[in-house]
Structures are given as structure tokens and as C-alpha cells.
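Remarks on the structure that follows.
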Amino acid sequence: MKPKFFHHPSALVESASVGAGTRIWAFAHVLKGAHIGRNCTIGDHCFIEGGARVGHNVTIKNGVMLWEGVTIRDNVFIGPHVIFTNDRAPRSPRSPLVSAKYHTKEWISPTCVETGATVGAGAIVLCGVRLGRFCLVGAGAVVTKDVPAYALVTGVPALVRGHVCQCGERLAFKAGRARCPRCRAKYRLNSSLVSPIHR
Amino acid sequence: MKPKFFHHPSALVESASVGAGTRIWAFAHVLKGAHIGRNCTIGDHCFIEGGARVGHNVTIKNGVMLWEGVTIRDNVFIGPHVIFTNDRAPRSPRSPLVSAKYHTKEWISPTCVETGATVGAGAIVLCGVRLGRFCLVGAGAVVTKDVPAYALVTGVPALVRGHVCQCGERLAFKAGRARCPRCRAKYRLNSSLVSPIHR
Amino acid sequence: MKPKFFHHPSALVESASVGAGTRIWAFAHVLKGAHIGRNCTIGDHCFIEGGARVGHNVTIKNGVMLWEGVTIRDNVFIGPHVIFTNDRAPRSPRSPLVSAKYHTKEWISPTCVETGATVGAGAIVLCGVRLGRFCLVGAGAVVTKDVPAYALVTGVPALVRGHVCQCGERLAFKAGRARCPRCRAKYRLNSSLVSPIHR
């Protein structure tokens, strides 16, 4: 039985691995070998390459491209026109000078966006980095290194400017403790690392 | 009688509110409930969501997405791949942790681009801001707050670097007065605000 | 006899000047009057305007737009969503205030990317600049002036941060000489200009 996902008639879906309840919108292109979980939305004009992996409940806004080597975990939000990469020092593989580099796949640097994270509109994520759980990358940031869990990063290059709750709200720590003003979740800050306090 | 606008055969136009003389190009998608005025051009691969509003004589270059909450007034130029947003702290609405936030539309922060303004290529406009009449946002700027009328802003975050004429030319003020070297229009600068001097 | 290039069935190719061995992917649009050389790849959702020129062995990743006035030479790599421009101070040509400016083509500022160069993902290239042979523009950079050959530039605005080999590897100069750690090519640094030492 085929999984029950929706795709707009103008979308091209060549992957056999798309979860139930997922919706793929107009002019999007999902290649053979791409893996997409359940209950996701993939916006117009997206491109998902073979070897890219997307978890469950993920929202990918319009015009996003995911390459081989990119992993997106559950509940992640990827804003419009967010840009991923998978080659630290690209040259045209068609150039006779560098074609040897592209005979194997050793040139691929993997990238991972952990559960519940947000990557804001138009942000650029260099390859070989890990974006921690529930972090929030601001719109237009250029991420050049790992982002800690719950961190808010903005700018070029992206730097830590504060912390956010799993619901996205800013956290204000006092004596190493914070409570989210919206959803009331509690957190501890220890050696610049945030962790939730489970009741 | 239907309004006489043109759309490329590959474009998807689901809105009943597109003005006469407007042209919508290849692989663009205009959703139901989007409003587009007369004599506009909407480039290839654009996406106009229901609730977005576009005035008359507007040029929207390729790959631009306009969301619900975004208003573009008359005579505006939106460069290629300009990015708008409508949520200050987005999370995946499909995540069980935050889905409640998305049950109403209170999360939408509106954005307005006033008459005659220019938003340069690849600029990113955070939501909840107003871009003043005839301002010019430089290519690649990240706009995080309101932009005054006639201001030139560039950088990340975008800061005021000077002023421009309604024709786009740079203005050089001397003793609070400037005359455009191209179109001869005259301006007054008062408490950092520019206003035209009408003859 | 027609040149033997491939295009995806969903691509629109209106140019009669596309070289043999070139591949044009899904939802791309190549306009009449665009020139594309041999053995190139043009990714999904690209847009190549009439008057744009692309050499041989060029890799253009997804979502790139090339305008009239933009020239890309042989063996170049253009990353995903790289943005070119061709108007220094754009306004909507449909606005009655500025339409005269657009009656001729004097408003176009040409841009050239020289042989073997790389423009990283999401970089923005202002018009009227020349990107030198084998230079490497980092992801997310905003290029506002000419880039020297073999230079590595990053940031907003893009500044020279170092130098790279023709294969893309970083070069470390000592007493004005460097040898590439990967491909063993040799270079000379003289008055901040890099040139290859041919054996």
C-alpha cells in the first residue's frame, strides 16, 4: 500500500520514501533517494536531493534546497529561501582541473538540524555544522559553526545573542534559572548551556 | 468581464483579484485571496500567498515570496529573491509543542512597503516593519526596524547610510537642502527626515 | 543539426544558443537570446535572461538568475541562490516617475565572473564588478567591488581574507611563495596579487 501523502499536480516526486500526511506543494522537486517523514509540509519551489533526510512534523517553507548530506530532524522549521551547502570549497566539477575531487563522495560535509530547531528566512548554513535542539537561527544569519541547543544566533557570521524556549519565546535567565513567559517551561543555564527542568 | 492581465501558461493564478495590464511569469504561483493591482509584473518562480496585497505599477522580480500580512504599495520595486517574513519567532506549526500558537492568526506581524520604495536584490525584511516612501534598501541588507522615507539603508542589520531621490539617485544635502543631479527634484532635510520641496 | 543538449521536460528553453552536453534541469527557464556553452549544468528553478552569457564546463546550482549584462566564463561554479543584479539604483520601471530611465539600456551595469571562479551559496553580487580568475566568494558574502584573482572574500561587504588555489584549497604564503597542500600547484604573491608559477 502506498503511503498517503499529497502532492500538488505540478510537483515532481520521484522518491518512494515520503511519509503519510506529508504535503508537497507546487513546482517542488523531490528526487529519488530523498527521505521525508510523516506530516511534513514542503513549500513551493523546494528541491530535495537524493540522500537528504527529513524527519516528522517538519515545516519547510518555499524555495529551500536540501542536498545530500543534510539531515533535518523532527519538528524543525526551515524558513523561506534558507540555503544549505555540502561542499566547503566548491569548484565546478566540470572543470578539468578539479574533476578528480568529485569522483568519490569524500567532498561532502554533512549538516544536521536537531529536533525542534528553527532556521529563519534566508539564513545560510555552511556545511559540516550541527544546529542544536530548539535553537533559533535568525533571518539572514550566516552559520559557520555549531549552534548550541536553545541558543538564539544572528548576524554574519552568526553569534549567540541569547536563548529561546522550545516554544520560540526569548528566555531571560536570572541566577541560572528562567521560566518561559509564554508556555511556562523552566530552564537551567550552566556553563553557557541551557537544559530544560522537567517537573 | 474579466480583467485583462497576462499570465505565462506555466504560471498558476488562483486569485480573482489581479488588475488589468499585469503580467505574471513562468512557474509563478498566485494563491486565492491575493490582491494584485494594475500594470504590475510578477517574475518567474514568485509566490504570492492569500492575504498579501500588491498595489499598481509594481515590479516584483523573480523568486520573491509575499506572505499574508505583507502589503506592497504603488510603484514599488522588489528585487530578485527578496525575502519577507510574517512570524517573529517561528516554530514548525506541525510540532505538538507549539501547534496551539497557530490556531488563530495572532502570530502574524504585518509589513508594509510604501509607495515608490525599492528593496534591493536578496534583502531580507523582518516582519512588523514599515519601509518608508521612496526609501532604498540595498542588496543583501537585513531590515530589522522601520526605514524612514527617502533613506538609503544597507548592511546587517540595515542602517541609514544616506538619502535618495524619488528617481533613485543619491542626494547630497548642504545646509539642509539638496537637488537631485539627475531629475532636478528638490528636497529639505529636517531633524534627519527628508521631504520634497514642491514648486 | 541541433546541438545535443539535455533539458528536463519541465524546463523551458527558448534560446537557440545552448552548447552540446549541457544539461538544464526542472522548472528552469532559459530565455531567447541567452548564450550557454558546452558541458554546463543549469540547476532546477534557474532563470537565464536574454543577453546573459555562460561559458563552457560551468556549474550553476539551483535557483540562480542571470540577467542581461552578466557574463560567466569557463569552469565557473555558481552556488545555489546566488544573486546577480544589473541596475545600481533600481526603481519600478512601471512608475511614471522613472520610466524614462528605462527607455534605453544605459542603466545596465555589466558584471563578469572570470574563468575557474567560485561564487558560494547565497552570495549577492552587485553589478559593475569583475570577479577574478579562480577567486572564491564565500557563502553569504555581499560583493560590492572587484575581487582579485585567487582571492578568498567573505562577509558583508565582502573583504579579502586569504587566497585559494585553482583547485579551491586555501594557500598559506611564506616569503611570497605557496604550494597547494592538495594539488601541489605553486604560486607567487607579489604586491597582494597572486600568480601561478608554471613549471
Distance between region C:107-151 and region A:88-140 - C-alpha centres, whole angstrom: 20
In region B:6-165, with Lys and Arg counted as +1 and Asp and Glu as -1 at Cβ, which of these residues, B:84, B:126, B:12, has the Cα nearest the positive end of the dipole, that is, farthest along it? B:126
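May I ask you to derive the FRET efficiency for residue B:88 and residue C:99 from their Cβ-Cβ distance with R0 = 35 Å, giving the value to the nearest 0.05?
Efficiency, from the Cβ-Cβ distance: 0.40.
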If you average the C-alpha positions of region C:1-76 and of region C:159-191 separately, how far apart do those two centres end up, in angstrom? 32
Taking the Cβ-Cβ separation of residue C:106 and residue A:109 as r and a Förster radius of 60 Å, what is the calculated FRET efficiency to the nearest 0.05? 0.85
How much net charge surrounds residue B:90 when only other residues with a Cβ under 10 Å from its Cβ are counted (Lys, Arg +1; Asp, Glu -1)? +3
Here the correct list, in nm and shortest first, of distances from residue A:96 to the same site in the other copies, label points 7 Å along Cα→Cβ, is 6.0, 6.0
Whichever lysines have a C-alpha closer than 22 Å to that of residue C:174, once near sequence neighbours (fewer than 8 apart) are set aside: C:186
Among A:84, A:27, A:173, which one moves the most in a GNM of chain A with springs linking Cα atoms closer than 10 Å? A:173
Please work out whether the protein assembly as shown counts as rounded, prolate or oblate from its C-alpha gyration tensor, where a ≥ b ≥ c are the square roots of the eigenvalues and a/c under 1.5 means rounded, while otherwise a/b larger than b/c means prolate and anything else oblate? rounded
So, in nm and shortest first, the distances from residue B:10 to its counterparts in the other copies, with label points 7 Å along Cα→Cβ, work out as 1.0, 1.0
Straight-distance crosslink candidates among lysines, where the alpha carbon sits under 26 Å from residue B:61 and sequence neighbours closer than 8 are dropped: A:61, B:2, B:4, B:32, B:145, C:32, C:61, C:101, C:105, C:145
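In what sequence do B:7, B:81 fall when counting other Cβ within 10 Å, fewest first?
Ascending Cβ contact count within 10 Å gives the list B:7, B:81.
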Working only with C-alpha atoms, what are the Rg and Dmax values of region C:105-199, expressed in angstrom? 13.8, 48
Inter-copy label distances at residue B:160 (7 Å, Cα→Cβ; nm, one decimal): 3.6, 3.6
So which trypsin sites (Lys or Arg not before Pro) in region A:143-172 pass both tests, a DSSP loop state and at most 14 other Cβ atoms within 10 Å of the Cβ? A:145
Contact order relative to length for region C:6-166, counting C-alpha pairs under 8 Å separated by 6 or more residues, stands in percent at 13
At 10 °C and 1.306 mPa s, grab the translational diffusion coefficient of region A:6-169 from Stokes-Einstein with a Kirkwood Rh over Cα pairs, rounded to a whole number in µm² per second. 100
Tell me, what is the FRET efficiency for residue A:160 and residue B:145 to the nearest 0.05, using R0 = 30 angstrom and their Cβ-Cβ distance as r? 0.90
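A short reminder: the numbers here are calculations on the coordinates, not readings from a lab. Predicted model, so just to flag it, every value in this text is computed and none were measured. Counting neighbours? That spans all protein chains shown, and the Cβs are built from the backbone with ideal geometry, glycine included.
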